Each structure stands twice: as C-alpha cells, then as structure tokens.
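Q: My structure is below; once you've seen it, I'll send some questions.
The values are calculated or read from the model by the stated rules, or taken from the named source; none is laboratory data. Model, not experiment: these values are computed from the prediction. In this analysis, Cβ positions are derived from the backbone assuming ideal geometry, glycine residues included, and neighbour counts consider all displayed protein chains. Areas reflect the complete protein model, heavy atoms only, side chains present, ligands, DNA and RNA absent. Shrake-Rupley method; radii C 1.70, N 1.55, O 1.52, S 1.80 Å.
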Amino acid sequence: MFSIGDFAQYGRVSARMLRHYDAIGLLCPARTDPVTGYRFYEAAQLARLNRIIALKNLGFSLQQVGAILAEEVSVPELRGMLRLRRAELEATLTAAGERLAQVEARLRSIESEGHMSADDVVVKPTGTVLLAELSGIAASYGPEHIGPVIQPLYAELCARLEAAGVTPAGPGLAYYEAVHEAAYETVPGDYEHAPGDRGANGGHGGIPGGRRNVPEGHADVPGSASAAAAAAGYEPGYEPGPGAVVVHAGLTVTAEALARAGARSGGTGAPATRTPTATGLGFDVVALPGLECAATVVHRGPMSRILPTAQNLAHWIDANGYRSAGYARELYLECPPDQEKWVTEIQEPVVRAAPETP
C-alpha cells in the first residue's frame, strides 16, 4: 500500500486533492489508520483516479464524475464518452479561434481605415466564365455562416471533378445570391443585396482546390435555393431564415472537358443566364455572366483577414461616386497551401450613384 504522498506522486495529483476526494466520497483510501488518521491507497485505485482526472479535465463537475463512475461504465463506454466530450471541446476551441480571427480582422480594418490608394482599385468589366459548381445555404452573409458552408463545398467539388476526370481550367470563383428576394432591395442590374450589407464577405476562409473529409450525399440538382438546401443536407421542407444566402462554390472548366466526361446535353452549352444546370456528374455547371462594371481590388493573405480590404473597397466606392449593385464575387487567383500567399481578387458590381437632390 502507498501513503497518501506516494499515491499522489504516482497519480500526478496533490495530496490536498486526494483529501478532498476522500471528503466527498469520490475516492476513499483503501485503509485509514484509526490512531493516526493516515490514509493509505492501493495501486488498483490509480485506475479510478485516472478516470476522475480525465473526466474532470474534460469539463465534468465532480458531482457528474461521481455519477458517471457510480454507473460502473465499461472502458469502451468511457472511451466513447471521452471522445464525444473531446469533440465538443474541440468545436468550442475552433469557434473561439474563429471569433478571435474576426476580432483581429476588425482591428486591422480600424487600423487601415483610409489607407487604400486609388491605384489599388480598378473599375472594369469581367467576362463570362464557365464554372463547375456546388451550392449550399448559409444562414447569413456573415463570415461565421459562410465559412462552414463554402469550405466543404470546395473540397467536395474538387473530389467530384477528379472522379469525373475533369481538370479545372482556371481559378475558383465564389458568388452569392439572396434566398429571400423580398428582403432585399433591387438596384439597376441583375443583382439583389441586403441594405447595409454590401461588399466582400469578411473572412470565411474558403479553400478552392483544397480537400477536406466531408459527408457524402450532395444531390445532383440545379443550384436553386431549394436545391442548394437539399445539397447541403437539410430536411425536405427546410425554409431558410431572413438574410440567408445561396453560396456558389465554382471552379473554371471548359465545355470540351465536360463533354469528354459525358456531361448531359445542355450542361456544356448553356447561355450565360446565371442558372446552374445539372451535368449528371455530381456537380452543376453554369455559364456565369460577366459584370458590366465591377470595382475590383486584390487581397493578399488568408480570407480570415479580408475584412479590411473589403471595407476599404466600400470606402473607395462611396468616395468615388458609385454604389454597390450586389454581392461581391471572389476570384481565387492563387491558393497555395500557405494561406499567407493567397491572392484573391474581390469583384464588387457597382453602378454610378444618382446625384443627391438638394
């Protein structure tokens, strides 16, 4: 048997903690000397101590730990509980990290206010582009909702293109549209946007060309709002809330590559209508029309730090007599493994602002 000091040493805990566990009946010594009151423990009790510490470190209260141990759970059951708790804590850490990234982005935006040069922004038209795409629904245009949708979409799209034998012919391009048109004001042109929620999305961390393990089962359906909801795995009848957006994650392809892969007729020669068409290959294809007038700026670095760039672009648009005409597109020019070396062009559709009346 071990004295309380020796047992504490082997268990990597303090003797004070062992006394507390004894007082609440969580881990009682194997024997207590009736004269001196000294506590003695057996080596077999290390197993219970390990369980106590593991559960406590995973966030369970001592009362919960006692209840769990009282049920005499098996090792496989305990391992399953620990894995579940670990997953919960990892999710919490991930969410905290994302919040910190957004705080950092806001601070950078504050620091960089007014620092964008006029030379940084180029107003130009963009051309029609043929995209293979998958779409999904995000609860809002905010980065906390866009990121979890667009990342697995790109990973899944890459996997499906590879399975179909289609090699991307150019960079990735993400674009967005409102789900509930009634909640958006219409402006000249083809685009709808939420009042006060314009410009490039700040920090969703899309990964065009990247790979991640994502669930199977996206439907091969055109990219309407209802189809996007089905593709995202929502139950039939799911109704997105106000402010929800359809997220389109696309990669540039050629009609010839699609034809060789056996895409359905109509999937390779569709006019530029912004209406995705099913190919029968597990993804949609769309001939996305170009923007007649886009204010563009290049962002360098990860998407988690795009907010200052997007907001500086908004300042430029306002200061130069334009107004936003819809959600910005994101053209991923360079996406190496090191996100610090990413190069993304933000393409915001704009129109000339009407002169103010006195």
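Q: Restricted to the range 117-133, and to residues that are open to solvent by less than 40 Å² (accessible area, probe 1.4 Å) and assigned to a loop (DSSP other than H, G, I, E, B), which residue is modelled with the lowest pLDDT? Let's see the steps before the verdict.
A: As a first pass, look at the range 117-133 and keep what is open to solvent by less than 40 Å² (accessible area, probe 1.4 Å): 121, 126, 129-133.
With the extra rule that they be assigned to a loop (DSSP other than H, G, I, E, B), the set shrinks to 121, 126.
Working: 121: 90, 126: 95.
Ranking the candidates gives 121 first.
Q: Okay, next question. Restrict the check to the range 170-179 and report whether at least one residue is modelled with pLDDT under 90, closer than 22 Å to residue 302 by Cα and β-branched (Val, Ile, Thr).
A: No; the residues of the range 170-179 include none that is modelled with pLDDT under 90, closer than 22 Å to residue 302 by Cα and β-branched (Val, Ile, Thr).
Q: Can you name every residue in the range 317-341 that is open to solvent by less than 40 Å² (accessible area, probe 1.4 Å) and either among the small types (Gly, Ala, Ser) or at pLDDT below 90 (or both)? Before the answer, list the steps.
A: As a first pass, look at the range 317-341 and keep what is open to solvent by less than 40 Å² (accessible area, probe 1.4 Å): 317, 321-322, 324-332.
Answer for the range 317-341, where residues must be open to solvent by less than 40 Å² (accessible area, probe 1.4 Å) and either among the small types (Gly, Ala, Ser) or at pLDDT below 90 (or both): 321, 324, 325, 326, 328.
Q: How many residues does the range 280-298 hold that are part of a loop (DSSP other than H, G, I, E, B) and closer than 16 Å to residue 253 by Cα? Steps first, answer last, please.
A: Here is the first cut: in the range 280-298, the ones part of a loop (DSSP other than H, G, I, E, B) are 280-283, 289-293.
Right, trim to closer than 16 Å to residue 253 by Cα and you get 280-283, 289-290.
Within the range 280-298, residues that are part of a loop (DSSP other than H, G, I, E, B) and closer than 16 Å to residue 253 by Cα number 6.
Q: Right, next: In the range 241-262, what count of residues is obtained for those that are modelled with pLDDT under 90 and more than 18 Å from the chain's Cα centre (by Cα)?
A: 2
Q: Output the number of residues of the range 271-328 satisfying the condition of being within 18 Å of residue 177 (Cβ to Cβ) and of a type in the set (Asp, Glu).
A: Qualifying residue count, the range 271-328: 2.
Q: Same structure, new question: Name the helices (runs of 4 or more DSSP H) wholly within the range 1-77 that hold at least 3 residues that are under 25 Å from residue 92 (Cβ atoms)? Let's see the steps before the verdict.
A: Details: elements: 4-11, 15-23, 45-57, 62-70.
Of the helices (runs of 4 or more DSSP H) lying wholly inside the range 1-77, those with at least 3 residues that are under 25 Å from residue 92 (Cβ atoms) span 45-57, 62-70.
Q: I would also like to ask the following. Pick from the range 64-97 the residues that are loosely packed, with under 15 Cβ neighbours inside 10 Å and touching a Leu at 6+ places or on another chain (Cβ under 9 Å): which of them is modelled with the highest pLDDT? Before you say what the answer is, go through the steps one by one.
A: Residues of the range 64-97 loosely packed, with under 15 Cβ neighbours inside 10 Å: 64, 67, 70-77, 79-80, 83-84, 86-97.
Remaining after also requiring touching a Leu at 6+ places or on another chain (Cβ under 9 Å): 64, 86, 88-89.
Numbers: 64: 87, 86: 81, 88: 82, 89: 81.
Checked the range 64-97; the qualifying residue modelled with the highest pLDDT is 64.
Q: If you scan the range 23-37, which residues turn out to be free of Cβ contacts under 8 Å to residues at least 24 places away in the same chain, within 25 Å of residue 55 (Cα to Cα) and open to solvent by 70 Å² or more (accessible area, probe 1.4 Å)? Talk me through it step by step, then tell me what you get.
A: At the first step, the residues of the range 23-37 found to be free of Cβ contacts under 8 Å to residues at least 24 places away in the same chain are 23, 28, 32-37.
Next cut, within 25 Å of residue 55 (Cα to Cα) only: 23, 28.
23 - this is the single residue of the range 23-37 that is free of Cβ contacts under 8 Å to residues at least 24 places away in the same chain, within 25 Å of residue 55 (Cα to Cα) and open to solvent by 70 Å² or more (accessible area, probe 1.4 Å).
Q: Under 7 Å by Cβ, and 6 or more places apart or on different chains, what pairs join a residue from the range 127-142 that is over 27 Å from residue 98 (Cβ atoms) with one that is among the aliphatic types (A, V, I, L, M) and open to solvent by 20 Å² or more (accessible area, probe 1.4 Å)?
A: Hits for this filter: 128/272; 130/255.
Q: Okay, moving on. Name the residues in the range 134-151 that are modelled with pLDDT of 85 or more, buried (at least 21 other Cβ atoms within 10 Å of the Cβ) and not aliphatic (A, V, I, L, M), would you?
A: 135, 136
Q: Applying the selection to the range 307-358, what residues are of a type in the set (Lys, Arg) and in a strand (DSSP E or B)? Steps first, please.
A: First, pick out the residues of the range 307-358 that are of a type in the set (Lys, Arg): 323, 329, 341, 352.
Within the range 307-358, 323, 329, 352 qualify.
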